[in-house]
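> Before anything else, here's the structure in question.
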Amino acid sequence: MALSTVFTEMFGVRYPIALAPMGGAAGGALASAVSRGGGLGMLGGAYGDPEWLAREVPIVAGAGEPWGIGFLTWGIDVAVVERALEYGPRAVMLSFGDPSPYAERVRRAGARWILQVTDLEEARRAVDVGADVIVAQGTESGGHGARRGRSTLPFVPAVVDLAAPVPVLAAGGIADGRGVAAALVLGAAGAVLGTRFQATTEALVDPSVAEALLAGRGQDTERSTVLDIARGSRWPSKYPARTLGHPYLDRWRGREAELAADPRARQDYQDDVARGAVPPQPVWAGEAVDLITDLPSAADLVATLATRTEDALTRAGRR
Ligand SMILES: Cc1cc2nc3c(=O)[nH]c(=O)nc-3n(C[C@H](O)[C@H](O)[C@H](O)COP(=O)(O)O)c2cc1C
């Protein structure tokens, strides 16, 4: 069965599977492995740190496969996008914020423009500003998302209907072939996977993160701003993040304003990290973390996902 969709045709990839541009974790080796495996690898450009880009982009850009790069819209300026475009990505993905200042630059460079949205207003705006692809992110997602977000299952088809004929990718809670198949059945042209790709040999994560993902359960994940406040992150509070459990969540849940007003508590966090009492980074993980049971190479994972997607679609059509 061919898994050909508008997305695979647009990017010249074999499978309707994309790597989420996970800030820090999705470096050149991971993006390149996903593209080599037949998906679309996207670098996690985050705030566009020039040193990070100079190190990671050539790894994927030199590999001769289609690739993209994602940024946090609220944390960048036009110079960041222009610098990234100089490397010749096939796609630029923007998430969390107003993408309109970047439309012209991306289009002029001939790259495709992928916009991640978290509600129908953002989806409407993405269509209006001329997105080539829209990623509908549900609240099951690992990492950051909108406080007033929506669940993937009902959100994706609503965005598909609103955005047509612009292709939509589903994101949030997809970690195996059954999830990718479900995305296609909902009318999406593919799926974006983040958490699952963190547990691969190429991800730029500490081995303890991969271990935590293998042991983690969806019911232990939680969306919160506590860890961003504790670690003094720049993330705006309207974007909580889904992570595995953490001692600071238990300590400060429901007292976010108090934590924000308490510099000593933030110093305690730094001290706890320094002496190894808490992990150096929160473990960002989505609800599908239960489905992660191995630590493969990302290229092999893409091939397995594709085979299992075909199996799931075939099974779904049988009585
Ligand atoms: C570790 C991690 C980091 C992420 N960083 C970013 C990011 O920098 N930019 C972005 O657009 N999305 C980021 N995301 C969200 C993804 O784009 C995507 O919506 C999400 O991973 C999909 O849900 P899943 O994790 O259940 O697959 C991140 C997700 C994770 C798990």
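> In percent, what relative contact order does the stretch 206-285 have, based on Cα pairs under 8 Å that are 6 or more apart in sequence?
RCO, the stretch 206-285: 36 percent.
> For the stretch 1-90, what does the alpha-carbon gyration tensor say about shape, rounded, prolate or oblate, given a ≥ b ≥ c as the root eigenvalues, a/c under 1.5 as rounded, and a/b over b/c as prolate?
It comes out prolate by the Cα gyration axes.
> Report the label-to-label distance for Asp161 and Asp98 in nanometres (one decimal), using points 7 Å from each Cα along the Cα→Cβ vector.
Calculated label separation equals 3.0 nm.
> What is the distance, in nm, between label points placed 7 Å from the Cα along the Cα-to-Cβ direction at Arg251 and at Tyr47?
Here the answer is 2.3 nm between the modelled labels.
> Once the Cα atoms of helix 50-61 and of the chain are each reduced to a long axis, what angle between those two axes, in degrees from 0 to 90 to the nearest 10, is obtained?
30
> Also: Placing +1 at every Lys and Arg Cβ and -1 at every Asp and Glu Cβ, with all other atoms neutral, what dipole size does the chain have around its Cα centre, in debye to the nearest 20?
500
> Now a separate question. Could you work out [θ]222 nm for the chain from helices alone, using -39500 (n - 2.57) per DSSP H run of at least four and dividing by all its residues? Round to the nearest 500 deg cm²/dmol.
After summing the helix terms and dividing by residue count, I get -11500 deg cm²/dmol.
> Still on this structure: Size of the dipole of the stretch 157-234 about the Cα centre, Lys and Arg at +1 and Asp and Glu at -1 on the beta carbon, nothing else charged, in debye to 20?
Computed about the Cα centre, the dipole is about 120 debye.
> Scan around Arg112 for amide H atoms under 5 Å from its own, H built in the peptide plane at 1.01 Å from N, and keep only partners 5 or more places away or cross-chain.
For Arg112, whose amide H was placed from the backbone, the distant partners under 5 Å are Ala91, Val92.
> Just in the stretch 1-62: which chymotrypsin sites (Phe, Trp or Tyr not before Pro) are loop by DSSP and have at most 10 other Cβ atoms within 10 Å?
none
> Where Lys and Arg each count +1 and Asp and Glu each count -1, what net charge lies around Ala298 among other residues with Cβ under 13 Å from its Cβ?
Spelling it out: positives minus negatives among the neighbours equals -2.
> Percent relative contact order of the stretch 83-230, based on C-alpha pairs within less than 8 angstrom and at least six residues apart?
Once divided by the residue count of the stretch 83-230, the mean separation gives 15 percent.
> Further, regarding this structure: Among rounded, prolate and oblate, which fits the stretch 31-162 when a ≥ b ≥ c are the square roots of the eigenvalues of its C-alpha gyration tensor, a/c under 1.5 means rounded, and a/b larger than b/c means prolate?
prolate
> Turning to a different aspect of this structure: Leaving out ligands and nucleic acids, note down the accessible area per residue over the stretch 1-95 with a 1.4 angstrom probe, in whole Å².
35
> Would you work out the charge dipole size for the stretch 96-190 about its Cα centre, treating the Cβ of every Lys and Arg as +1 and the Cβ of every Asp and Glu as -1, and quote it to the nearest 20 debye?
The dipole of the stretch 96-190 has a size of about 160 debye.
> I've got another one for you. So if each residue of separation counts as 0.36 nm, and I subtract the Cα-Cα distance between Asp77 and Gln219, what length gain in nm does that give?
Contour length minus Cα-Cα distance gives 47.4 nm.
> Quick one: with all protein chains in place, what share of the accessible area of the stretch 181-292 is carbon or sulfur, to the nearest percent (1.4 Å probe)?
C and S fraction of accessible area: 50 percent.
> Here's something else I'd like to know. Which residues' amide hydrogens lie under 5 Å from the amide hydrogen of Ala191, considering only partners 5 or more residues apart or on another chain, with H built in the peptide plane?
Ile17, Ala18, Ala170
> How much length would be gained if the chain were fully extended between Arg55 and Gln267, taking 0.36 nm per residue of separation minus their Cα-Cα distance, in nm to one decimal?
Difference between extended and current length: 73.2 nm.
> What's the local net charge at Thr201, with K and R +1, D and E -1, over the other residues with C-beta under 12 Å away?
Computed value for this residue: -3.
> For labels at Glu258 and Thr293 in the simple 7 Å Cα→Cβ model, what's the distance in nm?
Here the modelled spin labels are 4.2 nm apart.
> If you don't mind, another one. Within 15 Å, Cβ to Cβ, of Ala260, how many net charges do the neighbouring residues add up to if Lys/Arg are +1 and Asp/Glu are -1?
Local net charge: +3.
> Please report the antiparallel percentage of DSSP beta bridges with both residues in the chain, rounded to the nearest 5.
Percentage antiparallel, nearest 5: 15.
The values are calculated or read from the model by the stated rules, or taken from the named source; none is laboratory data. Note that the coordinates shown come from a computational prediction; the quantities given were computed from them, not determined experimentally. Glycine also receives a Cβ, built like all others from the backbone with ideal geometry; neighbour counts cover every protein chain displayed. These accessible areas exclude ligands, DNA and RNA; they are computed on the full protein's heavy atoms, side chains included. Shrake-Rupley method; radii C 1.70, N 1.55, O 1.52, S 1.80 Å.
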